[in-house]
Structure formats: C-alpha cells, structure tokens
1. Out of curiosity, is Lys350 more than 17 Å from the chain's Cα centre (by Cα), within 21 Å of Ala115 (Cα to Cα) and either in the same structural domain as Met108 (by TED's automatic domain parsing) or not polar (S, T, N, Q) (or both)?
2. Considering only region 387-402, state which residues are at negative phi, surrounded by 14 or more Cβ atoms within 10 Å (Cβ to Cβ) and in a loop (DSSP other than H, G, I, E, B).
3. Quick check: is even one residue across region 90-102 at pLDDT 95 or above, under 22 Å from the mean Cα position of the chain (by Cα) and assigned to a loop (DSSP other than H, G, I, E, B)?
4. So Met160 passes all but one of these: (1) over 27 Å from Ile435 (Cβ atoms); (2) in contact with a helix residue (DSSP H, G or I) (Cβ under 6 Å, 6 or more places away or on another chain); (3) at pLDDT 95 or above. Which condition number does it fail?
5. Could you please let me know if Ala272 is within 23 Å of the chain's Cα centre (by Cα), farther than 30 Å from Asn21 by Cβ and among the small types (Gly, Ala, Ser)?
6. May I ask you to verify whether Ala233 is within 30 Å of Val432 (Cβ to Cβ) and touching a helix residue (DSSP H, G or I) at 6+ places or on another chain (Cβ under 8 Å)?
7. Evaluate the following for Ala233: is it out of contact with any Phe, Trp or Tyr (no Cβ under 6 Å at 6 or more places or on another chain), closer than 24 Å to Cys143 by Cβ and in contact (Cβ under 8 Å) with a residue 40 or more places away in the chain?
Amino acid sequence: MVLIEEGGYYHTGTFDNRELNMAGKVSAERNMTTDGSGTINLVYGKNVGGASVHYWADSYRTPNDRLELWKEEYGVHGHGPEDLEPYWKELDETLNVHPAKEEYHNKMNHLVRKATESLGWEGNPVPQARKNCQKSGHCMQGCMFGAKQSQLVTHLPRAMAFGADIYADCKAVKLSMKGDSVEFLEAVMIDRPSGKESEIVLRFEAPVFAIAAGGFGSSTFLLRNGLKKKLPALGEFLAINPSPFVHAFYEEPIIQWRNIPSAFGVEEFRLARFQEGRYVEGGFLIMANQLQPGSLAALIPGFGTEHREMMKRLPHFGGTIGWIDDVPSELGNIAVNSSGKRTVTYNFGKVTKAVLRDCIRKQVQLNFKAGAEWVLLPDLKKTRIDSEKEIDKVDSLELSPASMMMAAPHPAGGCRMGQDPSRSVVDWKHRVHGIKNLYVSDSSVFPTAVSVDPSYTIMA
C-alpha cells in the first residue's frame with residue numbers, strides 16, 4: 001500500500017503552538033482560500049493526516065435519519081446503522097471517543113450549556129476523540145501533545161507498521177487509463193521551502209487506486225483529469241456546512257482560546273422544520289466558538305482606534321458558531337478551467353438565507369441568555385446588538401456576496417454516491433462509475449451534508 005500526500009509530513013514534535021507557524025504546516029493555503037465570491041473561507045488540510053490534524057476532534061456518529069435518507073432517496077446501500085455499528089465500536093476504542101468531560105468545558109462552554117438549559121433547548125456534551133488532553137486550546141493548529149487522536153497519531157502509524165509507504169510532498173497529477181481501468185498514476189514531488197512543483201516525476205502502478213483528497217480536492221483532481229464529460233455529476237452537489245458565527249462581549253474574562261473548542265453542543269435545531277413546505281426554523285447545530293488571538297482579531301470587524309480598543313479587551317470576547325445543514329436543493333459546485341484552476345461556487349438560495357438568519361438569531365439569543373453585554377456580527381456593516389430587544393437587526397442582514405465572512409470547514413459532495421451515473425460519481429461501494437479499479441473514499445461521496453461534524457462518518 002502506498003499513500004501519496006501533497007502536503008508535508010510534520011510529526012507532533014514539530015508543532016509549536018504558534019498560530020501562524022502552524023497554519024503554514026497543517027492548513028491548505030494557510031486557510032486563506034475562499035470561494036469565487038470571497039464570502040466563504042475554504043478550510044481543509046494539506047499535510048500527512050489531513051484535516052484530522054486541525055479538526056476539533058468532534059466525533060458524532062452519523063445520525064440514523066441521515067443514513068435512512070441516503071438509502072431511500074439516493075439508493076445508497078451497505079451504509080445503514082447496522083452496517084456501521086462494528087466500525088463505530090472499533091473507532092471508539094482506537095480514538096478513545098467519549099462525551100466531553102466536565103474538565104473540558106472552558107468558560108464559554110459553561111455559559112453555553114447553562115444558557116441552553118435556561119432556554120429549554122436540547123443540548124449535550126460533544127463526543128471527543130482525545131486521550132490525556134492538556135487543554136492548551138490549540139486543537140485547530142495541531143496538537144503538539146498528541147492528545148487529539150488524529151490520523152497522524154492513530155491509523156497512519158498503524159498502517160506504516162503493517163508495511164504501508166507514505167510519500168509526503170508528492171502531488172498526484174495524472175491518471176493514465178488503459179481501457180476501463182487506471183494503469184498508473186503520475187505524481188510530481190513538491191519543493192517544500194517554495195511550495196512549487198519540482199522536476200521529479202514519479203509513476204505509481206497498482207491494482208487499485210483510491211482518491212481521498214477531501215471534499216474540495218477529490219472532485220478537483222478528477223475534473224483536472226478530464227472526467228466531467230463521462231461523469232456529469234462530477235463537481236456538482238457541493239455541500240460546505242456554512243458556519244456563521246457571532247462575537248459576544250462579556251463583563252468577565254472568557255479567554256476562548258484555552259481548553260477544547262466545543263465541549264457542549266446545542267442540538268435542538270439540528271433538523272430544519274417546515275410547515276406546508278415553508279421553512280419555519282432550524283437546520284443547524286450551535287456550539288461555543290474558539291479562535292486563537294490572531295484569527296479572532298482578524299475576524300472582529302473594524303479598523304483604527306475602534307478596533308484597537310476592542311483588542312485591549314480581547315479576553316472578554318466569547319461567542320458561538322453555527323454549523324448549517326446544507327439545503328439539498330441549493331447546493332454549490334466545483335469547476336476547473338482549461339489551465340486547471342479551480343473555482344468553488346456556492347450561491348446562497350432563499351431557504352439557505354433563511355436558515356442562516358435563524359441560526360444567527362438563535363446565537364444572539366443564546367449569548368444574551370448567557371450574560372453577554374453586547375453582540376457583534378462579523379459583517380461589513382459591523383452590526384452591533386446591545387440587547388435582545390434589537391434582535392430584529394438580524395433580519396436586515398444583506399447576506400450578499402462578501403457581506404459576511406464565514407467558513408466552510410466540512411465540504412461534502414462533488415463525487416456524490418448513488419446508482420445513477422448521470423446523477424452520481426461513485427456507486428455504493430465507492431467505485432467510480434465506469435472505471436473498474438478507481439475508488440473515492442472521503443466526504444466528497446456523501447449524497448448530502450451529514451447534519452453533524454462529518455469527521456467520524458468519513459473515518460467509518
């Protein structure tokens with residue numbers, strides 16, 4: 001077995017808990033890539049271990065209602081609750097998954113939990129993949145203690161012990177076909193200091209090839225290999241789990257960048273509610289947000305004296321983040337031009353905008369119930385809400401391109417799973433339609449978003 005990774009290999013001994021340094025090691029393009037409109041920050045990994053090195057370690061099992069939807073609506077077999085049960089058990093043991101303990105709740109998580117209970121909303125400790133957590137708060141920059149059970153410290157060392165070879169700084173470029181099979185893969189080595197392609201070209205021959213470049217990468221790779229005509233659904237049906245967040249100022253210090261990010265999650269609104277076909281509310285999770293000081297400063301809107309005054313009181317900024325369950329009829333797409341340049345398009349439709357507004361509204365309500373003095377939205381107008389009486393300001397948010405920054409940390413689709421080759425890219429066994437020995441094994445095969453953090457679903 002050979003694993004090819006475009007990013008570098010950084011073991012935990014190279015992690016230094018410095019925000020900017022680690023962004024260059026574990027995050028693709030230092031987390032500076034956006035969709036075509038500049039609205040959505042595309043968050044994904046580019047390193048040995050992938051996005052699991054910078055994820056929050058949230059480990060939700062795929063909800064049964066979502067597995068049933070995939071089976072009934074999209075013809076996905078072999079992925080029901082009974083099929084995945086043995087894999088959940090194995091993953092629970094391997095990754096030490098358990099509900100977040102009390103000691104993992106930082107100040108913001110305590111406030112979110114208390115406010116959730118006061119509002120009568122459903123919420124629970126978030127399942128965590130951790131062992132001997134030191135609560136440093138650098139989960140999104142890679143865990144220097146090896147406590148977060150990423151693929152870097154779990155499955156990859158095990159694979160290497162069984163004889164797998166890993167080629168880091170090695171970019172897969174071209175699939176060479178022979179009939180209806182892949183004959184070999186051509187790759188080029190990356191010069192790590194410059195990040196540019198070198199002149200070293202490698203050729204890999206194997207009986208089976210599996211693409212696992214992530215929700216943004218797998219469809220991009222196949223598109224660059226000219227498979228769009230053969231697979232019309234390639235790059236389509238892209239879900240990104242949009243994540244609107246709000247800043248909240250508290251009288252007491254919050255210090256949101258310490259301990260783990262999301263020890264407690266609000267699950268009351270996971271599934272959207274409709275009445276006679278009209279959207280009513282929900283379709284998202286809400287959690288305490290966690291940003292390191294540099295990222296937090298960049299995402300608090302404003303300039304000059306006003307911004308500097310807020311920076312002086314940065315430890316008092318808390319806040320929450322929402323994870324939107326993408327609307328199936330309003331998904332995005334990935335395309336490449338003749339030179340291979342990728343463009344990600346995600347146009348917020350009518351229902352998606354309604355979900356976003358409701359998610360922001362619920363977050364504002366939650367933060368005020370938690371004791372916030374005022375709430376600041378990360379939009380171009382720097383919308384400030386001084387009390388819950390002003391919550392209707394959320395209804396006037398533009399939500400137009402580039403009007404409010406949000407992230408896309410959990411891409412899915414682009415290589416959708418299904419039975420119909422005109423509407424999907426892989427079958428229920430993950431094999432690419434029409435190619436005998438090519439498979440896709442990552443979140444890009446999901447027919448829809450998962451409605452929870454997809455990391456555990458990907459691993460299963």
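1. Against the criterion (more than 17 Å from the chain's Cα centre (by Cα), within 21 Å of Ala115 (Cα to Cα) and either in the same structural domain as Met108 (by TED's automatic domain parsing) or not polar (S, T, N, Q) (or both)), Lys350 does not qualify.
2. Those that are at negative phi, surrounded by 14 or more Cβ atoms within 10 Å (Cβ to Cβ) and in a loop (DSSP other than H, G, I, E, B): Leu397, Pro401.
3. yes
4. (2) is the only condition that Met160 fails.
5. yes
6. When the stated conditions are applied, Ala233 does not pass them.
7. no
Residue-by-condition table, conditions (1) at pLDDT below 95; (2) farther than 30 Å from Phe284 by Cβ; (3) part of a strand (DSSP E or B):
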position: Val188; (1), (2), (3): no, yes, yes
position: Pro193; (1), (2), (3): yes, yes, no
position: Pro207; (1), (2), (3): no, yes, no
position: Gly217; (1), (2), (3): no, no, no
position: Thr220; (1), (2), (3): no, no, no
position: Lys228; (1), (2), (3): no, yes, no
position: Gly235; (1), (2), (3): no, no, no
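The values are calculated or read from the model by the stated rules, or taken from the named source; none is laboratory data. Everything numeric here is computed off the predicted structure, so don't read it as measured data. Methodologically, a virtual Cβ is constructed for each residue, glycine included, from the backbone with ideal geometry; neighbour enumeration extends over all protein chains shown.
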